[in-house]
Amino acid sequence: MIDLTTSYLGLSLKNPLVASSSPLTGNIDDARRLEDAGIAAIVLPSLFEENISHEQRQLEKFVHSQALGNYEAESYRPVPENYKSELESYLDHLQQLKSSLSIPVIASLNGVSDTGWIDYGKELMQAGADALELNVYYVAADPEQTGEQVENRYITLLNQLREQVNIPVTMKLSSQFSSVANMVKKLQSNGADGVVLFNRFYQPDINLESLKITPRLELSNPEESLLRIRWIALIRSRVELSLAATGGFHDVDSIVKALLAGADVVYLCAVLLEKGPEYCAELLTQLQHWLTENEYESVQQMKGSVSQACVIDPAVYEHSNYIDVIKSYRP
Ligand SMILES: Cc1cc2nc3c(=O)[nH]c(=O)nc-3n(C[C@H](O)[C@H](O)[C@H](O)COP(=O)(O)O)c2cc1C
């Protein structure tokens, strides 16, 4: 029997497939279906700084207008009795999952500012999260802001979170850093237990009839996995923290490649949305089959065996074959 176990953020997982943040992990029935289909861990949809701050502003406005108005009236209620804040609903969902699933549950925080929202990490930990994912979805558009300042924003948030929690923390990054490898190393030195490579930026589009900017959500395509595989292969032997691959992993071949490159786990989202949670079971069967056919005894044995440090020509992961590649084009 092939051993599919892996370790991620210090958690022992029964296999390397993790359900990434998505509406599926935000729904208790779908999360159960994922567990039944063999998924090893799930990451909750993010608790967004933007939503919490918006809600707080609305609440303050509401309480303020009530206070100015008829607060002596019998019907006066500053806040409806059954009102649940964004945070409370999130904590409820987390606790429900923890009591009904036996796999690890990773909570996710998303934000960019240093205005205190990060402190919610402590409540997520107290509600039973096995680890935290910090997703800094930041578009650095200010020409006055240097790359270093942008990077420091990530480090500051990580440090603030580390002060609040003593469970593993992983950071979901975009690929848009001047030096991805250096950034990952800095995060490691500042206490990150892992990184998730890479987040996808959803690109706004211009509607040519209305000339309005329209937000566009398109699911990933399998080609996108190559960027992730390359970077994981490049940094695997240079850092010690856990590596998760996310973005474009739709079939067993790309999952195998990510593991060979050195990923500890592969996150799945679009493929599960498109094919349903049960598809995880099929991917696991195919993964077992691939390992058997290729005479690997375990996922542990294959992990990183085709990382940059292990291949005969390490330069192939960088640029040396660039000219050959462009010359190979045939019209
Ligand atoms: C509908 C939808 C909702 C998502 N919500 C979140 C989220 O709340 N937080 C987060 O970090 N990523 C979120 N993601 C990103 C996914 O977790 C994943 O990283 C990304 O889709 C790339 O993986 P994939 O190619 O397997 O879809 C979402 C993606 C989709 C499609």
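Read-outs throughout are calculated quantities, based only on the coordinates presented, and are distinct from any laboratory measurement. Small disclaimer: the values here were computed from a predicted structure and weren't measured. Backbone-built Cβ (ideal geometry, glycine too); neighbour counts: all protein chains shown.
Take every DSSP beta bridge whose two residues both sit in the chain, then give the antiparallel share in percent to the nearest 5. List each step's numbers first, then the result.
Working: 5 of 35 bridges.
Of the beta bridges lying entirely in the chain, close to 15 percent run antiparallel.
Could you tell me the number of lysine pairs in the chain with C-alpha atoms less than 24 Å from each other, where the two lysines are 8 or more residues apart or belong to different chains?
Here the count comes out as 21.
As a footprinting exposure proxy, order 52, 326 by other Cβ within 10 Å, with the fewest listed first.
Lowest count first: 326, 52.
Enumerate the calculated ³J(HN,Hα) couplings along region 97-110 in order (Karplus 6.51 cos²θ - 1.76 cosθ + 1.60, θ = phi - 60°), each rounded to whole Hz, writing x wherever the residue is Gly or Pro.
With coefficients 6.51, -1.76 and 1.60, one gets 5, 4, 7, 10, 10, 10, 8, x, 10, 9, 8, 10, 10, 10 Hz.
So what's the net charge close to residue 171: Lys and Arg +1, Asp and Glu -1, counting the other residues with Cβ under 13 Å from its Cβ? List each step's numbers first, then the result.
Working: positive: 153, 162, 172, 185, 186; negative: 133, 151, 193.
Summing Lys/Arg as +1 and Asp/Glu as -1 gives +2.
How large is the translational diffusion coefficient of region 6-327 in µm² per second when you combine the Kirkwood radius over alpha carbon pairs with Stokes-Einstein at 10 °C and 1.306 mPa s?
Values: Rh = 21.3 Å.
Result for D is 74 µm²/s.
Please list the non-local residues whose amide H lies under 5 Å from the amide H of residue 268, H modeled 1.01 Å from N, same-chain partners needing a gap of 5 or more.
Those lying under 5 Å, H to H, from residue 268 are 18, 19, 20.
Once the other residues with Cβ under 11 Å from the Cβ of residue 316 are scored (Lys, Arg +1; Asp, Glu -1), what is the net sum? Spell out each step's value before the answer.
On the way: positive: 230; negative: 313, 318, 324.
Charge balance near residue 316 sits at -2.
Hey, got a sec? Which GluC sites (Glu not before Pro) in region 195-264 land in a DSSP loop and have at most 11 other Cβ atoms within 10 Å? Could the numbers behind the result be given before it?
On the way: sites: 209, 218, 223, 224, 240; in loops: 209, 218, 240.
Here the GluC sites (Glu not before Pro) that fit, given the DSSP loop and packing criteria, are 209, 218, 240.
Run through all the Cα pairs of region 1-53 and give the fraction in each 5 Å bin from 0, expressed as whole percent.
5, 19, 23, 20, 16, 10, 5, 2, 1, 0, 0
Do any trypsin sites (Lys or Arg not before Pro) in region 146-242 lie in a DSSP loop with no more than 11 other beta carbon atoms within 10 Å, and if so, which? Write out the running numbers ahead of the final one.
Details: sites: 153, 162, 172, 185, 186, 200, 212, 216, 228, 230, 236, 238; in loops: 200, 212, 216.
Of the trypsin sites (Lys or Arg not before Pro), the ones in loops of region 146-242 whose Cβ has at most 11 other Cβ atoms within 10 Å are 212, 216.
Apply the Karplus parameterisation 6.51 cos²θ - 1.76 cosθ + 1.60, with θ equal to phi minus 60°, to every residue of region 292-303 and state each ³J(HN,Hα) to the nearest whole Hz, in sequence, with x for glycine and proline.
Per-residue couplings from phi come out as 4, 4, 9, 6, 9, 8, 7, 5, 4, 5, 7, 4 Hz.
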